[in-house]
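Data block below; observations after.
The values are calculated or read from the model by the stated rules, or taken from the named source; none is laboratory data. Owing to the predicted nature of the structure, the values given are computational and were not obtained by experimental measurement. When we count neighbours, we look across all protein chains shown, and the Cβ atoms used for this are built from the backbone with ideal geometry, even at glycine. Areas reflect the complete protein model, heavy atoms only, side chains present, ligands, DNA and RNA absent. Shrake-Rupley method; radii C 1.70, N 1.55, O 1.52, S 1.80 Å.
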Amino acid sequence: MKHNLVSTFLFLLLQCIGILAQGPTPAPIPPPTRASAPAPGPPGPTNVTKILEKAGQCSTFIRLLQTTQEISQITSLLNNSNSITIFVPPDNAFLNMKAGTLNSFNDQQKAELIKFHILPQYFSISQFQTASNPVQTQAGGTSNREFPINITTNGTSVNITTGIVNASISNTVYTDSQLAIYQVDKVLLPLQFFVPPAPAPAPPKPKKKDDSLDSDSTSAVSSGAISLVPVIFWAINSNGGFLFILAVFSFVYVSS
């Protein structure tokens, strides 16, 4: 029995030595901390191209926006918190134009055509009722046959007149507090493309000199001189004739 006690003691002693050799139990490793996600920045400007692509049937208008680089101007306006309204004709509206009309426009006219479809302010459908005609567009002025459009309403129907075409809003494509996009059933053609500006008024002509007065004065002097001929002859043959003649000619000179 004494032998068993010795064996047990030795076993326990070896266990203690093994535990001490391992050292202290290491602390559990904490999980790696995750970096917090950055706060979202302000939203960018509305992507007009994507809106039109989603709406469909706007490929011609999108192509003109890109080739004239007016899409960059629109993006800049929206990015600077400007409000705009865009009228977008669908592809079939371009197809319904007179053959060759679009191709007859030069690059500047194509840019002006796109700008003619953009109003430099936001209009909801109800706000068109109070629009002041002629309405300004991004294309330019409204006087002297430039780029005027007139907008009239009849209930919820909105009609647009350019002097060349009469169009109507057929659908609301997109609207928020800054941007409104409406589909129109015709391409808006500006008056200036087809009717040249009125010429500037000609300067007033100088008044002609009225020669009748001079003619009358000359006739009167001449007739007066003729009527004095007998008197002159009489004065020459009489005493003091020279003084008399001098007095007469002085009178005629002063009268003229």
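The set of residues from the range 141-152 being without any contact (Cβ under 8 Å) to a residue 40 or more places away in the chain and under 16 Å from the mean Cα position of the chain (by Cα) comprises G141, T142, S143, I149, N150.
Can you name every residue in the range 120-137 that is within 15 Å of T156 (Cβ to Cβ) and in a loop (DSSP other than H, G, I, E, B)?
Keep residues of the range 120-137 that are within 15 Å of T156 (Cβ to Cβ), which gives 123-131.
Scanning the range 120-137 gives F123, S124, I125, A131.
Quick check: is even one residue across the range 165-176 in a helix (DSSP H, G or I) and closer than 18 Å to T49 by Cβ? No, because not a single residue in the range 165-176 is in a helix (DSSP H, G or I) and closer than 18 Å to T49 by Cβ.
Highlighted here are the helices (runs of 4 or more DSSP H) found entirely within the range 64-108 that include at least 3 residues which are farther than 21 Å from P120 by Cβ: 91-95, 101-104. In the set I164, I125, only one residue is of a type in the set (A, V, I, L, M), surrounded by fewer than 17 Cβ atoms within 10 Å (Cβ to Cβ) and under 24 Å from L77 (Cα atoms); that residue is I125. Scan the range 76-93 and tell me whether some residue there is farther than 25 Å from E146 by Cβ, at pLDDT 95 or above, open to solvent by 80 Å² or more (accessible area, probe 1.4 Å) and touching a helix residue (DSSP H, G or I) at 6+ places or on another chain (Cβ under 9 Å). No, the range 76-93 has no match at all.
Scanning the range 102-122 for residues being open to solvent by 10 Å² or more (accessible area, probe 1.4 Å) and closer than 17 Å to T68 by Cα gives a total of 12.
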